[in-house]
Amino acid sequence: MTYPGPGWQPSPYGGYAPRQNTAPAYIAAALFAVCAVLSLVISILSIDKGARTIEMYIAVPGMMFSEDITGNGDFGYSTGISVGCTFALLAVLLAVRLSFARWLIAVLGGLVAMYYMYAVIKVLVDGGGEFIAALALALVLWVLATVLVLLPPVGQAMRGRRF
């Protein structure tokens with residue numbers, strides 16, 4: 001049997017099979033990297049009282065629980081920076097196509113998306129509809145990234161895929 005050309009590789013079942021497409025894993029990793037950078041930027045910039053706005057302040061992951069836990073914004077800032085750094089590392093592991101990183105990032109991404117859903121509802125119930133833009137953007141990004149990483153093409157792109 002002759003080699004069919006680029007884009008094909010030998011199959012363990014005989015003949016040739018198309019190479020697996022790794023682009024979905026890279027796209028999911030890039031989307032989570034954007035979410036991580038957004039969390040880091042918002043968290044770090046909102047520490048400075050002169051640079052922050054109310055939209056930025058409430059968009060920090062964990063800020064909705066900060067007043068209840070510490071009485072100030074310290075819990076929110078540390079949670080936001082921790083979320084950003086954790087997801088930056090997991091995005092790199094996802095880009096390297098380690099299968100466990102896919103499930104870990106999906107579970108943690110779901111938790112962050114649920115937090116943002118809670119934050120959006122809380123701000124709307126409290127009458128802060130004009131401050132919802134940054135929260136809504138973060139919610140859409142986190143939900144999109146979490147749903148994307150759970151799609152079957154991302155699973156097929158991971159390293160342990162068998163034909």
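The values are calculated or read from the model by the stated rules, or taken from the named source; none is laboratory data. Just so it is clear, the model here is predicted, and its values are computed rather than measured. Note: ideal-geometry Cβ built from the backbone for every residue, glycine included; neighbour counts use all protein chains shown. SASA here: full protein model, heavy atoms, side chains in, ligands and nucleic acids out. Shrake-Rupley method; radii C 1.70, N 1.55, O 1.52, S 1.80 Å.
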Qualifying positions in the range 126-151 - open to solvent by 60 Å² or more (accessible area, probe 1.4 Å), closer than 20 Å to Thr53 by Cα and either part of a loop (DSSP other than H, G, I, E, B) or among the small types (Gly, Ala, Ser) (or both):
Asp126, Ala133
Determine if the range 110-123 includes at least one residue that is over 20 Å from the mean Cα position of the chain (by Cα) and crowded, with 18+ Cβ neighbours inside 10 Å.
yes
Can you tell me which of Ala30, Ala23 is surrounded by fewer than 18 Cβ atoms within 10 Å (Cβ to Cβ), closer than 15 Å to Thr146 by Cα, out of contact with any strand residue (DSSP E or B) (no Cβ under 6 Å at 6 or more places or on another chain) and in contact (Cβ under 8 Å) with a residue 60 or more places away in the chain?
Ala30
Take the residues in the range 73-94 that are open to solvent by less than 40 Å² (accessible area, probe 1.4 Å) and touching a residue at least 60 places away in the same chain (Cβ under 8 Å), then tell me which one is nearest to Ala59 (Cα to Cα).
Ala91
